[in-house]
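Working notes, structure below.
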Amino acid sequence: MVKKILVVGAGIGGQSVAIGLKKAGFEVDVIELHKEFNVYGVGIIQQANALRALDSIGVADEAMRRGSPYGKVKLCLPHGVQIGEAGTPPIGKFPSHNGISRKILHDVLFEEAQKVGLKYRMGVTVESIDNQPNVAHVTFTDGTKDSYDVVIAADGVNSKVRKLIFGDFKLSYVGLSVWRYAFKRPANLDTGYIFFNKKHKMGVIPMTADTCYIFLNSAEGDNPLIPENQLVEKLKTYMSAYPVPLVQELIPQVIDAKLVNYRVLETLKMPAPWYKNSVVVLGDAAHTTIPQLGSGAALAIEDAVVLVEELQKEGELTDVFERYMKRRYERCKMVVDVSETLGAWELLEYNDQALPEGANMGMLMGKTGMALTEPI
Ligand SMILES: Cc1cc2nc3c(=O)[nH]c(=O)nc-3n(C[C@H](O)[C@H](O)[C@H](O)COP(=O)(O)OP(=O)(O)OC[C@H]3O[C@@H](n4cnc5c(N)ncnc54)[C@H](O)[C@@H]3O)c2cc1C
């Protein structure tokens, strides 16, 4: 019988699973590597299925109240002419999207965690895990030790727990990078927008009633690391290729290199099973996707919801984890596979190469969005 659980990592997935488990009556410890949270200020897109999963742990309404719910995304040419729309269909009361600042989403989860009585140990991680079939003996980096029925690795893309228990996995660079920056929200920003150019694409996404952020995907070749002193000018140059007034008005506000969030895009698909003895993996630690479907965090929250549900059912731990795998593996793999395909097509376009016959980004995104509305 599982009673005492350690959650490693207090990101989106870790906080979600800890809240769900605590509400279900488990004894939960949470450790977080960083001494203080320093969540960066750009936004995150939550699709309807992410909101449905957040609702299972009781925070969807608050996330929508403090975020910016919107409908389908308008797909446009660089001058602003609309050519289509995209997005996961609404699910019940949940709209296609909620744009929200990452910091605010973190706060919503953290406040709920405090409310249910979770205490996080900050600045601590695991030193070693003696991982037995029904118990994991954990030594922490502060020298303390404890034993748990289950250890949940929610420690993100570079998961230390994954490395300790399952060995090394290599991230795969997809040839693309993303640039993000937060802005005061223009009065006429009525929904999310994506503008398509020959060499990059750019989204303008509402975050709160007063703020929005942009993302811009580009291909930076084999040497994608860009010195900080070039970030502002390079981002402004990219943005200047979109004559639409919505973007032009934002360009002068790009002034601080420290606020340019530039990331090289990589994926990781951990093979099944994502568990061994008493340790189980969720979120980016098991499946790191690229943001082409805006769904990585949604998957982490869904993993959390499913794990909480399965841990409450009868059976051996192996059965619990097998049921978790059955409900999560194919769905997560689909999202990473489709995101990689979309990324590969983008890369071909940016490099002036022909797309494979039948390639249709809008159709693939629509089909996947529909699949994500299926119950988890
Ligand atoms: C550019 C970009 C844009 C994205 N946009 C979207 C989007 O619009 N919508 C969406 O749904 N997803 C998006 N994602 C994906 C999303 O950010 C991730 O999928 C999500 O953050 C994963 O949550 P997680 O809890 O698994 O990992 P994380 O959020 O990375 O959390 C891991 C936590 O563990 C902590 N930690 C790390 N190592 C240790 C350790 N050894 N011990 C203890 N703690 C540790 C970290 O400090 C962190 O707090 C995007 C990703 C990128 C790169």
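The values are calculated or read from the model by the stated rules, or taken from the named source; none is laboratory data. From a predicted model like this one, the values you see are computed outputs, not experimental measurements. No Cβ is skipped: glycine too gets one built from the backbone with ideal geometry, and neighbour counts run over all protein chains shown. With ligands, DNA and RNA removed, areas are computed over all heavy atoms of the protein, side chains included. Shrake-Rupley method; radii C 1.70, N 1.55, O 1.52, S 1.80 Å.
The 3J(HN,Hα) values that the Karplus relation (6.51, -1.76, 1.60; θ = phi - 60°) gives for region 155-170 are, in residue order, 9, x, 3, 9, 2, 6, 4, 4, 5, 5, 9, 10, x, 8, 10, 9 Hz. Gly and Pro appear as x. The residues of region 21-138 have, on average, 46 Å² of accessible surface per residue, using a 1.4 Å probe with all protein chains present. The relative contact order of region 1-118 comes to 32 percent, based on Cα pairs under 8 Å that sit 6 or more residues apart.
The charge dipole of region 262-336, taken about its Cα centre with unit charges on the Cβ of Lys, Arg, Asp and Glu (plus for the first two, minus for the last two), comes to roughly 260 debye. Only Lys, Arg, Asp and Glu carry charge here, each on its Cβ (+1 for the first two, -1 for the last two); on that basis the chain has a dipole of about 460 debye about its Cα centre. Ranking Thr267, Ser278, Pro224 by how far each Cα lies toward the positive end of the dipole of region 215-317 (charges on Cβ) leaves Pro224 at the top. Within the straight-line cut-off of under 19 Å between alpha carbons, the aspartates and glutamates reachable from Lys170 are Asp155, Asp222, Glu266, Asp284, Asp337, Glu340, sequence neighbours fewer than 8 places apart in one chain being disregarded.
Computed over protein heavy atoms with a 1.4 Å probe, the accessible surface of region 156-298 works out to 42 Å² per residue.
Determine, for each peptide in 248-260, 170-182, the mean count of other beta carbons within 10 angstrom over its residues, then list the peptides with the highest first. If you can, show how the numbers build up before the last one.
Values: 248-260: 13.9, 170-182: 18.6.
Highest-to-lowest ranking by the protection proxy: 170-182, 248-260.
In the chain, the DSSP-assigned H stretches of four residues or longer account for a calculated mean residue ellipticity at 222 nm of -10500 deg cm²/dmol, using -39500 (n - 2.57) per stretch and the full residue count as denominator. Annotation: peptides 23-31, 46-54, ranked by per-residue average of other Cβ atoms within 10 Å with the highest first, follow the order 46-54, 23-31. Straight Cα distances below 16 angstrom link Lys333 to the lysines Lys269, Lys367, with same-chain residues fewer than 8 positions distant left out.
Computed from phi, the 3J(HN,Hα) profile of region 294-303 under the Karplus parametrisation 6.51, -1.76, 1.60 (θ = phi - 60°) reads x, 10, x, 5, 4, 5, 4, 5, 5, 3 Hz, with x in place of Gly and Pro.
What is the dipole size for region 57-138, taken about its Cα centre, with +1 at each Lys and Arg Cβ and -1 at each Asp and Glu Cβ, in debye to the nearest 20?
Using only the charged Cβ atoms, the result is roughly 320 debye.
When peptides 196-204, 35-43 are ranked by their average number of other Cβ atoms within 10 Å per residue, the highest-first order is 196-204, 35-43. Ignoring ligands, DNA and RNA, what percent of the 1.4 Å accessible area of the chain is carbon and sulfur? Answer for the chain is 53 percent, counting heavy atoms of protein chains only. Close amide H pairs (under 5 Å, H built 1.01 Å from N) link Val7 with Asp29, Val30, Ile31, Ile152, residues at least 5 positions away or on another chain.
The relative contact order of the chain comes to 22 percent, based on Cα pairs under 8 Å that sit 6 or more residues apart.
For Lys35, the lysines whose Cα comes closer than 26 Å to its Cα, not counting residues fewer than 8 places off in the same chain, are Lys4, Lys22, Lys23, Lys103, Lys115, Lys119, Lys145, Lys160, Lys163, Lys258. Between amide H atoms placed 1.01 Å from N, distances below 5 Å from Asn197 occur with Met202, all of them 5 or more places distant or on a separate chain. Here the relative contact order of region 289-339, from alpha carbon pairs under 8 Å that lie six or more residues apart, stands at 50 percent.
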